[in-house]
Amino acid sequence: MTGTTEEIGFIGLGVMGRPMALNLVKAGTRLIVWNRSPEPREALREAGATAVASVDDVFARTRVVICMLVNETALDAVLKRGTLGFGDLVNGHVVVSMGSNSPEYSRALAADINTAGGHYVEAPVSGSRKPAETGQLVSLLGGDPDIVGEVRPLLSPMCRETVLCGPVGNALLMKLTVNLYLNAMLAAMAEAVHFADRHGLDLPTFKAAIDSGPMNCDFTRMKLPKFIARDFSVQAATEDAFNSTRLIADAARAAGIATPLLNLASDLYGESVGLGNAREDMISVLQSIEARTAGLSGSNARPASRGNDIRGRQL
């Protein structure tokens with residue numbers, strides 16, 4: 001149980017937001033939800049949440065409002081930022097943003113909300129759809145310590161860990177740091193899978209070798225079976241991974257930091273988006289590497305081993 005009888009708002013019931021909100025409801029949170037499309041609202045209503053017709057209705061009934069929205073444009077639109085309605089909406093409220101935005105944007109939004117008489121906490125999560133479904137996300141928290149302390153226990157049904165990162169901006173910088181490692185690691189995993197496959201190695205045996213060594217972790221246990229099955233169903237979308245690399249690159253350039261591995265990974269995710277994989281899982285970066293192999297001048301490239309193709313080619 002969350003330990004509160006207060007009604008909590010939740011806006012944004014997408015790939016991540018929907019299972020997160022469901023976990024809150026299952027834990028006994030009195031949740032007031034809104035989403036632009038009606039189907040997720042209905043699913044939450046059937047689970048026990050109260051679905052309302054507008055963002056205004058969410059703010060009218062709650063003091064703490066959690067937002068899990070795709071980008072800065074969507075968050076600004078929901079909060080009516082830049083309009084006369086913004087101040088009336090957020091005054092007296094705690095806005096908790098669990099999406100991934102730029103640190104600069106987050107600091108500016110926090111300043112605007114504070115000026116309007118509200119409070120803001122950034123709480124980006126590390127994890128994809130499967131950890132969201134099982135309540136195993138990690139939330140990185142930034143904001144005023146007293147407000148963060150109030151919000152932190154509310155997140156426990158969604159997150160196995162909450163990490164305090166300091167003032168607004170730091171949590172999102174930490175998320176970018178984590179994602180730099182994750183995005184580069186996933187691209188390296190894809191290249192290793194491709195290398196093994198093109199040499200005719202048995203991919204389940206490759207997985208067994210990884211599982212037996214120091215690289216075995218939740219991430220490899222989740223992603224390697226998808227690579228082997230060529231299962232591109234989305235847990236974390238390729239387009240989102242590509243956008244993440246660009247956010248990281250912007251923060252790195254602003255600080256004068258070189259990011260050679262990130263740059264290569266970003267190119268590969270961008271190429272996969274160009275192949276039409278924007279809303280496929282980020283493991284579709286494998287197809288970028290396959291395309292590069294096919295394009296090598298004088299290459300002896302051959303198709304992937306059919307024996308490793310459990311579900312059939314999805315090119």
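The values are calculated or read from the model by the stated rules, or taken from the named source; none is laboratory data. Here the structure is a predicted model, which means the values were calculated and not measured. A quick note on method: Cβ atoms are made from the backbone with ideal geometry, for glycine too, and the neighbour counts reach across all protein chains shown. Protein only, heavy atoms only, side chains kept; ligands, DNA and RNA dropped before computing areas. Shrake-Rupley method; radii C 1.70, N 1.55, O 1.52, S 1.80 Å.
Of the listed requirements (1) open to solvent by 50 Å² or more (accessible area, probe 1.4 Å); (2) within 23 Å of the chain's Cα centre (by Cα); (3) farther than 20 Å from Arg129 by Cβ, Gly166 misses just one: (1).
Residue under question is Ala171, and the condition is that it be touching a residue at least 24 places away in the same chain (Cβ under 8 Å), outside any strand (DSSP E or B), on the phi < 0 side of the Ramachandran plot and in contact with a Cys (Cβ under 9 Å, 6 or more places away or on another chain); does it hold? Here the answer is yes, as Ala171 does meet what is asked. Among the conditions (1) in contact (Cβ under 8 Å) with a residue 60 or more places away in the chain; (2) open to solvent by less than 30 Å² (accessible area, probe 1.4 Å); (3) of a type outside the set (Ser, Thr, Tyr); (4) part of a loop (DSSP other than H, G, I, E, B), Leu13 misses just one, which is (1). Do we have Asp146 as of a type in the set (Asp, Glu), surrounded by fewer than 20 Cβ atoms within 10 Å (Cβ to Cβ), out of contact with any Asp or Glu (no Cβ under 7 Å at 6 or more places or on another chain) and over 30 Å from Cys67 (Cα atoms) here? Here the answer is no, as Asp146 does not meet what is asked. Criterion applied to Gly117, Gly92, Gly99, Gly82 was being outside any helix (DSSP H, G or I), among the small types (Gly, Ala, Ser) and open to solvent by 50 Å² or more (accessible area, probe 1.4 Å), and the one residue passing it is Gly82.
Can you name the residue in the range 34-57 that is in a helix (DSSP H, G or I) and in contact with a helix residue (DSSP H, G or I) (Cβ under 9 Å, 6 or more places away or on another chain) and, of all such residues, is most open to solvent (accessible area, probe 1.4 Å)?
From the range 34-57, those in a helix (DSSP H, G or I) are 38-47, 55-57; that's our starting set.
Of the ones still in play, those that are also in contact with a helix residue (DSSP H, G or I) (Cβ under 9 Å, 6 or more places away or on another chain) are 40, 43-44, 47, 55-56.
Values: Pro40: 11, Ala43: 22, Leu44: 0, Ala47: 51, Val55: 18, Asp56: 69 Å².
Across the range 34-57, the extreme among qualifying residues is Asp56.
Among all positions in the range 102-114, there is no residue which is within 17 Å of the chain's Cα centre (by Cα), part of a strand (DSSP E or B) and either modelled with pLDDT under 95 or on the phi > 0 side of the Ramachandran plot (or both). Scanning the range 40-77 for residues that are charged (D, E, K, R) and over 21 Å from the mean Cα position of the chain (by Cα) returns Glu42, Arg45, Glu46, Asp56, Asp57, Arg61, Arg63.
How many of the residues making up the range 204-249 are open to solvent by 60 Å² or more (accessible area, probe 1.4 Å), of a type outside the set (Val, Ile, Thr) and more than 19 Å from Glu271 (Cα to Cα)? So the answer is 7. In the range 51-79, the residues that are of a type in the set (Gly, Ala, Ser) reach residues that are open to solvent by less than 40 Å² (accessible area, probe 1.4 Å) and not in a helix (DSSP H, G or I) with C-beta atoms within less than 7 angstrom, at least six apart or across chains, in these pairs: Ala51/Val33; Ser54/Trp34.
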